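The values are calculated or read from the model by the stated rules, or taken from the named source; none is laboratory data. Quick caveat: nothing in here was measured; it's all calculated off a predicted structure. Cβ placement follows ideal geometry from the backbone for every residue including glycine, while neighbour counts extend to all protein chains displayed.
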Amino acid sequence: MASKGSAGLLNFFIFNSKYGAREGEEEKKVMFYFPEEADIDTKVKNIGLAEAIVQFTSTFSDLPCQSMHTQKSRQLYLEPEPGFWMAMTVSLPYKEKTKDGQPYVEYREDDVQDSVFAAVLDFAYRMFKLFNGTFEHILQRADGDVETLKQRLGHFYNKYLLTLKLSQCDLLDVFNGIHFLPLDKNTYLRIQCFINQLEAAFPTVKYTAFLYNDKLVWSGLEQEDMRTMYLYLTTSLFPSYNLQEHQGGSQPRRFMTGPPDLSDDKAIGKLPRVFVSTDTENEECYLLVYRAMSATICMLINVKCQLNVQLCRKLDAMLAPQMTKLASDIKEQHYQRAAPPSTTDPMFKYIYFNHMNLAQQTTVHLDLQKRAGINIPQEIMRLLGDINADLTRSNHDGETIVKTTSDFWVVGKKSDSREFYVVINQKNANLIEINEEVKRLCTSHLNSVFFLD
Amino acid sequence: MAASGEADQPREVEFEQPNISSDSDQGDFNESEAPGKSENAPLLASDSFDDLSYNDLGVNDHQTVHRGTIHAIVRQTSTSSDSRSNTPNNVDHDSLEVSAGEESLEESAESQMQNVSIADKQEAVELAAPPFSSDDEDVNSPEWKNQKKHVFILSESGKPVYSRHGNEDKLVTIMGVMQALVSFVQDSKDSLRSVVAGEHKFVFLVRDHLLLVGVTRGMDSTQQMLLQLMYVYNQVISVLTHSALGKIFKQRRNYDLRRLLTGAEKFFDNLLNLIDTEPGLLLTAVRCLPLDSQVRDVIAQSIVQNAKVKDLVFALIIAKNQLVTLVRMKKYYLHPMDLHLIINLVNASESFKEAESWTPICLPKFDASGFLQAHVSYLDEDCQVCLLLLSVDRDSFFTLSEAKDRIRARLVRYNALSAINSSLRRTSYSTQQCAISDLRHFLYKARSTAQYTSPELEAPYTKPEEQERLFGLYHYLHHRIHTSGRPLKILFHVGQYETLLGWVTQGFELYAVFGPLITKTGAIHAVNRLLRWIKREEDRLFILNSVTF
């Protein structure tokens, strides 16, 4: 059988040329390298190549180097903080084929899109920053001891990288938006009122965010902080919690992070610390997450404040009744609303993203976290990525309508920092009909959104 | 196609074959038979862009290099008395006296260059010394850095051969870096293809003995840039032949190839300018000078009847980068990429205007291993209409010169020459002639004939910056439609300043540019009318019949 492969992580490294600038000391540049077991020669060689490429392009371009394409792989670059470069190498999908009786390997360069993997690399940094603060911040706190930074990087990335599913990455990773839960005014105000009450009663709770299932209802965090936090909650914390609940079967834990047992004064449990930049840069907070039914509240408490089980008990006393009530109300309201939308209409699928509030919607993906895959062909998904990259590059409002050789219609619109992509599988339609269809879709599904025609 | 009732032709065709093809985009467009379609095309209908694949490039050049065609012709035409060894018309450059060492090789290659024409000598001498060598002409100069497109040729060992901007001598370091990057990646059994930094794309092409690097901050995609580097590589082959190139580097890996390419810089410079302004190179198609088909027949027949010369492979007339006519030996076709090299040769050589010339040229797609001899002459006083007679016989200059006189006399007698000149004066045609409002510009390529047509550049595309922007839009359309793995049939794009429509079928490729306010319905009607107009004019705009000796 002919073998084939999909996109995978070949290596991932962080270096700073400031360290080990002298010849023979190159290995001091290495801040982090994955896979760990690679020999030092390989590490130094690969970092040397990345350095050379970055240096070479700067002869021509004032903008930083983004990617290197080779026959078999793709390397992405990011300089998130001055002097610190991150590089990620992705293997290209390949297929063994035969031509004139000779076997050869076909590497699919166009199947790996720069914009998608640049976003993956970017979020790898943001996620580190969320839990550790910036590289510079770590160095400052450790009086410039680079070993501390290396330890932190190793501790974080050796686990984080294993969770990446590169072959499933697509346009949604580029947007990395937030799914909001639409609610009626009344319920929304009740939630806000509840949060005000909470913050007034517990001044140590500095920031809050309220979610229902995987959708965000309210957040007091700065947008970029919330974006990274949302990604962490929905792709890491919630799934692992749900899994435990499934297996545990015992009394449901209210605190997803923090004390596992409120009657035990000594056990504060696992309590992650996060670094947010909502009020000040690199503000370190405890992340306390509480759940009642499907409603979740995230409470950020500055590490300088006292956080103990007693406080958690008090919080629980207030949260339990109110959260449960809110959760059941939302459920009811949502149940009534959930009936009409798109699931009944298989003719078209869409993705929507708003750059202003990071709101995103998709009917292309079977579930919000992309675990179950997509319901359009992969190459069409990539085409959406192409159109997005074109519209991003031109940096103006625009519209693109295409028909593929496989007779799919794809429409991409960008208007007033909103983007909207529709895939229509209707072979015999023509451009004008498709245009009408998309107009209808805009009014029925995104009625409050204005698109330039 | 009959001259009468042409206007109704497309409808008739459509009526007779209601289900033309399943991939017709009915409902959008009245897709009839592609205008400009021909079963008997003079050019090879091969799309070098679609064929472009690294898998072919990487492995081994010899598989993709075309060789032996010239031998075949020589054998075929000299069957009678002459044995191969003493025929003067043997263009076998394998016979270069390699064994005698580098000096003689260089001499013979240099003599090739000097053959270009006597008048060229002066230029060659001037070019041999660097025209200027100021210190600001290197990587540190902002002017150099800000160039829109750089192209570098270097040898496998990293020796500079050519740089589009600046002086290669001052770019030794940066070229060394390029070579080092490529060979570093090669060491891990991989190959470097491209790098992206901001708006810049860096494209690397490794071919036999040479490394070509293109740096662009324009709209060209990496794939399109790669095609451009292929043209440049072919230009090297065209001057030296693939066999000679191989032999030189086999003898001395470190050879400074500039010694053999003295005087050839102008071909590279000119080729790169053509690439940036002439859509035909992007489309791998050729533009024909609009002419009545009767006139074109007269011209072709004048050549056929007056150039019955043994070993003459191709005879063609070129005017202002457009093809007027092409007559070929039976069985042999010209590839559009080769024709672009011929056009470049004519375009770049001022000296042809001074006297009829005799120059060797290698056409890589035809036969990369040897030279054809080209008799080049202008037929008119203004030096606009250029006749090229390409032969495998190295000693036929005087025979071909006589043939040229006869051809010219006949073209004058039948007023064909004045017809060509008046077509040139009419400056092609305007979009207004197609009578379609809101249509600003278009490119139409007939795929079966590898020919394309497009109107004059008019307002708002009169300034060079605007023309460059328009060309960028075509690059975008072409790139997005031809992305490998997800090709498109139709692309409609509303941008800031214009609306674009690209439409590709089996028969043709159409790229049209409209004003920004046109509606989708308007654009579709316009395109349908445009296709009907091209169909009506196809005899004038395209060469639909191939003429052979």
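Scanning region B:284-300 for residues that are farther than 16 Å from B:Val385 by Cα and either of a type in the set (A, V, I, L, M) or at pLDDT 95 or above (or both) turns up B:Ala285, B:Val286.
If B:Glu456 passes every condition in (1) surrounded by 18 or more Cβ atoms within 10 Å (Cβ to Cβ); (2) assigned to a loop (DSSP other than H, G, I, E, B); (3) in contact (Cβ under 8 Å) with a residue 24 or more places away in the chain but one, which one does it miss? Checking B:Glu456 against (1) surrounded by 18 or more Cβ atoms within 10 Å (Cβ to Cβ); (2) assigned to a loop (DSSP other than H, G, I, E, B); (3) in contact (Cβ under 8 Å) with a residue 24 or more places away in the chain, the one that fails is (1).
For B:Lys330, state whether it is outside any helix (DSSP H, G or I), over 12 Å from the mean Cα position of the chain (by Cα) and within 28 Å of B:Ser448 (Cβ to Cβ). Considered against the rule, which asks whether it is outside any helix (DSSP H, G or I), over 12 Å from the mean Cα position of the chain (by Cα) and within 28 Å of B:Ser448 (Cβ to Cβ), B:Lys330 comes out as yes. Picking from residues in region B:335-360 that are touching a helix residue (DSSP H, G or I) at 6+ places or on another chain (Cβ under 6 Å) and among the aliphatic types (A, V, I, L, M), the one that is surrounded by the fewest Cβ atoms within 10 Å (Cβ to Cβ) is B:Ala348.
With respect to the stated conditions, A:Asp397 is charged (D, E, K, R), surrounded by fewer than 19 Cβ atoms within 10 Å (Cβ to Cβ) and either touching a strand residue (DSSP E or B) at 6+ places or on another chain (Cβ under 8 Å) or at pLDDT 90 or above (or both). All conditions in (1) under 30 Å from A:Lys97 (Cα atoms); (2) small (Gly, Ala, Ser); (3) touching a helix residue (DSSP H, G or I) at 6+ places or on another chain (Cβ under 6 Å) hold for A:Gly5, with the sole exception of (3).
Output the residues belonging to region A:125-148 that are touching a strand residue (DSSP E or B) at 6+ places or on another chain (Cβ under 7 Å) and either part of a helix (DSSP H, G or I) or of a type in the set (A, V, I, L, M, F, W, C) (or both). Let's see the steps before the verdict.
Of region A:125-148, the ones touching a strand residue (DSSP E or B) at 6+ places or on another chain (Cβ under 7 Å) are A:125, A:129-136.
A:Tyr125, A:Lys129, A:Leu130, A:Phe131, A:Asn132, A:Phe135, A:Glu136, listed by residue number.
Taken together, B:Asp208, B:Asp256 contain a single residue that is farther than 23 Å from B:Leu283 by Cβ, away from every other protein chain (no Cβ under 14 Å) and in contact with a Lys or Arg (Cβ under 9 Å, 6 or more places away or on another chain), which is B:Asp256. Against the list (1) buried (at least 20 other Cβ atoms within 10 Å of the Cβ); (2) in contact with a strand residue (DSSP E or B) (Cβ under 6 Å, 6 or more places away or on another chain); (3) part of a loop (DSSP other than H, G, I, E, B), the condition B:Val324 fails is (3). Listed by first and then second residue, the pairs with beta-carbon distance under 9 Å, at least 6 apart or on different chains, first residue in region A:389-414 and within 7 Å of chain B (Cβ to nearest Cβ) and farther than 20 Å from B:Pro487 by Cα, second hydrophobic (A, V, I, L, M, F, W, C) and part of a strand (DSSP E or B), are A:Gly398/B:Val494.
Figure legend. Inter-residue proximity from region A:197-209: first residues under 19 Å from A:Asp225 (Cβ atoms), second residues of a type in the set (Ser, Thr, Tyr), beta-carbon distance below 6 Å, spacing 6+ or different chains. Indicated pairs: A:Ala209/A:Ser219. Inspect all residues belonging to region B:484-495 and state whether any of them is within 14 Å of another protein chain (Cβ to nearest Cβ), out of contact with any strand residue (DSSP E or B) (no Cβ under 6 Å at 6 or more places or on another chain) and crowded, with 22+ Cβ neighbours inside 10 Å. So far as region B:484-495 goes, yes, one or more of its residues are within 14 Å of another protein chain (Cβ to nearest Cβ), out of contact with any strand residue (DSSP E or B) (no Cβ under 6 Å at 6 or more places or on another chain) and crowded, with 22+ Cβ neighbours inside 10 Å.
Residues are listed down the side, and each one gets a yes or a no for (1) out of contact with any His (no Cβ under 9 Å at 6 or more places or on another chain); (2) surrounded by 23 or more Cβ atoms within 10 Å (Cβ to Cβ); (3) β-branched (Val, Ile, Thr):
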site: B:Gly198; (1), (2), (3): yes, no, no
site: B:Leu211; (1), (2), (3): yes, yes, no
site: B:Val215; (1), (2), (3): no, yes, yes
site: B:Thr222; (1), (2), (3): no, no, yes
site: B:Phe249; (1), (2), (3): no, no, no
site: B:Leu261; (1), (2), (3): yes, no, no
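Screening A:Leu211, A:Leu243, A:Leu221, A:Leu237 for residues that are out of contact with any helix residue (DSSP H, G or I) (no Cβ under 6 Å at 6 or more places or on another chain), modelled with pLDDT of 95 or more and of a type in the set (A, V, I, L, M, F, W, C) leaves exactly one candidate, A:Leu211. Somewhere in region A:3-12, is a residue outside any strand (DSSP E or B), buried (at least 21 other Cβ atoms within 10 Å of the Cβ) and touching a Lys or Arg at 6+ places or on another chain (Cβ under 7 Å)? No, the conditions are met nowhere in region A:3-12.
With the structure loaded, tell me whether A:Ala201 is exposed (fewer than 13 other Cβ atoms within 10 Å of the Cβ) and either at pLDDT 95 or above or over 30 Å from A:Asp390 (Cα atoms) (or both) or whether it fails that test. Yes, satisfied.
With respect to (1) within 27 Å of the chain's Cα centre (by Cα); (2) of a type in the set (Ser, Thr, Tyr); (3) closer than 20 Å to B:Leu192 by Cβ, the lone exception for A:Ser6 is condition (3).
I'd like the residue in region B:190-205 that is at the interface with another protein chain (Cβ under 7 Å from one of its Cβ atoms) and of a type in the set (A, V, I, L, M, F, W, C) and, out of all such residues, is farthest from the chain's Cα centre (by Cα). Among residues in region B:190-205 that are at the interface with another protein chain (Cβ under 7 Å from one of its Cβ atoms) and of a type in the set (A, V, I, L, M, F, W, C), the one farthest from the chain's Cα centre (by Cα) is B:Ala197. Scanning region B:211-224 for residues that are away from chain A (no Cβ under 11 Å) and small (Gly, Ala, Ser) yields B:Gly214, B:Gly218. Return yes when A:Ala52 is facing chain B (nearest Cβ under 10 Å) and hydrophobic (A, V, I, L, M, F, W, C) and no when it is not. So A:Ala52 fits the description; yes. Applying the criterion of being surrounded by 19 or more Cβ atoms within 10 Å (Cβ to Cβ) and β-branched (Val, Ile, Thr) to the residues of region A:78-119, the residue that is nearest to A:Lys43 (Cα to Cα) is A:Thr89. Restricting attention to region B:391-409, and to residues there that are under 23 Å from B:Asn321 (Cα atoms) and not small (Gly, Ala, Ser), which single residue is surrounded by the most Cβ atoms within 10 Å (Cβ to Cβ)? Per the criteria, the residue is B:Leu400. Screening the candidates B:Thr284, B:Thr222 for the property of being under 17 Å from the mean Cα position of the chain (by Cα) and of a type in the set (Ser, Thr, Tyr) yields one hit, B:Thr284.
Taking the numbered list (1) away from every other protein chain (no Cβ under 12 Å); (2) surrounded by 19 or more Cβ atoms within 10 Å (Cβ to Cβ); (3) free of Cβ contacts under 8 Å to residues at least 40 places away in the same chain in turn, A:Glu23 passes all entries but (2). Taking region A:75-124 as the range and being within 10 Å of chain B (Cβ to nearest Cβ), within 30 Å of A:Lys18 (Cα to Cα) and touching a Phe, Trp or Tyr at 6+ places or on another chain (Cβ under 8 Å) as the test, the residues that pass are A:Leu76, A:Tyr77.
Looking at A:Thr70, is it within 11 Å of chain B (Cβ to nearest Cβ) and without any contact (Cβ under 8 Å) to a residue 12 or more places away in the chain? Don't jump to the end; show me each part of the working.
On the way: within 11 Å of chain B (Cβ to nearest Cβ): yes; without any contact (Cβ under 8 Å) to a residue 12 or more places away in the chain: yes.
So A:Thr70 passes the test.
Scanning region A:146-165 for residues that are more than 20 Å from A:Thr235 (Cβ to Cβ) and of a type in the set (A, V, I, L, M) yields A:Val146, A:Leu149, A:Leu153.
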